[in-house]
1. Got the relative contact order for segment A:34-123 handy, in percent, Cα pairs under 8 Å and 6 or more residues apart?
2. With only alpha-carbon atoms in the gyration tensor, what are the semi-axes of the equivalent ellipsoid for segment B:1-54, in Å, largest first?
3. Just add up the charged neighbours of B:Ala148: K/R +1, D/E -1, any other residue whose Cβ is under 11 Å from the Cβ of B:Ala148.
4. Toward the positive end of the charge dipole of chain A, about the Cα centre and with charges on Cβ (Lys, Arg +1; Asp, Glu -1), which of A:Ile114, A:Gly28, A:Ala104 goes farthest?
5. Kirkwood Rh, segment B:159-202, all Cα pairs: how many Å?
6. Among B:Ile103, B:Ser52, B:Gln84, whose Cα lies farthest out toward the positive end of the dipole of segment B:49-162, if unit charges sit on the beta carbon of Lys, Arg (+1) and Asp, Glu (-1)?
7. Could you list the square roots of 5 times each eigenvalue of the Cα gyration tensor of segment B:120-239, that is, the equivalent ellipsoid semi-axes, sorted largest first and rounded to whole Å?
8. Could you pull out the pairs from B:Lys9/B:Lys106; A:Lys158/A:Lys184; A:Lys116/B:Lys106 whose alpha carbons sit more than 25 Å apart here?
Amino acid sequence: MQGFLADAREFVPILLQGVQLTILITVGSLVVSTLLGLVWAMMRVSGVGLLSGISATFINVIRGIPIIVQLFYIYFVLPDFGVSFTAVQAGIIGLGVAYSAYQAENFRAAIEAIDKGQIEAAQTIGMGWWLTMRRVVLPQAFRAALPPYGNVMIMMLKDSSQASTITVAELALQGKLIASATFKNTSVFTLVALMYLVLSLPLILAVRHFEKRTGRP
Amino acid sequence: MIELDDVRKSYGAVPVLKGITASVARGEVVCVIGPSGSGKSTLLRCVNGLESYDGGAIRVNGRRVDRADRSIRAVRVQVSMVFQRFNLFPHRTALENVIEGPIFVKGETRAEAEARGRDLLARVGLAGREEARPPQLSGGQQQRVAIARALAMRPDAILFDEPTSALDPELVGEVLGVMRALAEDGMTMLVVTHEIGFAREVADRVLFLDGGVIVEQGPARRVLTEPEHPRTRDFLRRVLNPL
């Protein structure tokens, strides 16, 4: 125990640098995936065959390729075509795009769960498609989407560690570097695990809060 | 104001409307009665383009109703609708439900819309409940909010699709009372209903629909008290004396 505390004092400051990158990647890809996911979901429910077809195809392609391969593609392959990103940018874009597929499915499920009578009521007061979405469907779908959204946030936090494969020195990679330099595997990876847990705790509480709130009539 | 000319509609191979010709004049109250599955609600929903029809023509103020055309939005503002299940926006207060259309569809200022919204809620007996959300209101109160929401669009006519069928019996009266007051103020109304008493008291004319055709139509009292057609007689007997 004594040894662990001494190790903690030594390693935590270095690991916290990794935490910063972990948070940056998580928040960045959360924003990207949310916006993209909304676009796919809207295309999917637009009622326009071409748009929903494009969206469905894209979602299936994204879902069918491992995140790690998508990251490699963006970081190592795109430069061959003259498009290059820093490791952090590639991580945010890769995770954001990969997760946009899951976000889109969550959003679509929430939108389709809205009572058809709501849409008819909106049409009856003369609203067009976009106004119906903005004023009637999305505000209600938003609440229904919150609990799954919280779960996606937790998964993204943990999956941000995949950015380590393209050299982003986030929490997991920092841990691995320290561990291989000091051989203090137990201390280091226990600290890393605790830090992920501490980071996800507020998210877990948020999900529970959302679920309670949407459970209310 | 509303004209239906040989309107036909099928769901796949099943015909629901087999040539409906009828009209509603400005200021007139017309009730549509008939057994379930007779096409009453479908007919109503075709009038403001919630459903499409396959043949014939529906005109509102002389303009053809075509749900695929942009003009349908203007038609829907002219002909508002009240639903069986109210369909209030649950995430908005009573007042917000009423002012939603005036502000976002008609572009009225919030102050102007709110003042009128409060007046309308008072008119349907809901002064003081402006800030209530739909789940906090009884079915009868929700339906009266829905009527205020329809009125807020300043429609030329209102369609009512079985407005009291989802209500507890003791709440039916308050909604019918509001509708009667509307009729007396000269609102044009097309009402699908099972409330024969309301039709007899308030309607100018009654259409009896069965199997997708108008079996009988005429002045409300005449059709409801001395029906000519045996199917009308049979239907009224069953509705008025269920035992």
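The values are calculated or read from the model by the stated rules, or taken from the named source; none is laboratory data. These numbers come from a predicted model, not from an experiment. A quick note on method: Cβ atoms are made from the backbone with ideal geometry, for glycine too, and the neighbour counts reach across all protein chains shown. To get the accessible areas, we keep the full protein, side chains included, count just its heavy atoms, and leave off ligands, DNA and RNA. Shrake-Rupley method; radii C 1.70, N 1.55, O 1.52, S 1.80 Å.
1. 43
2. On the way: eigenvalues 76, 32, 19 Å².
Working through the eigenvalues yields semi-axes of 20, 13, 10 Å.
3. In short, +4.
4. A:Ile114
5. Values: mean 1/r = 0.0940 Å⁻¹.
Hydrodynamic radius (Kirkwood, Cα only) of segment B:159-202 equals 10.6 Å.
6. Checked the options; the winner is B:Ile103.
7. Computed over segment B:120-239, the values are 30, 15, 12 Å.
8. Values: B:Lys9/B:Lys106 32 Å; A:Lys158/A:Lys184 22 Å; A:Lys116/B:Lys106 23 Å.
Distance filter (> 25 Å) returns B:Lys9/B:Lys106.
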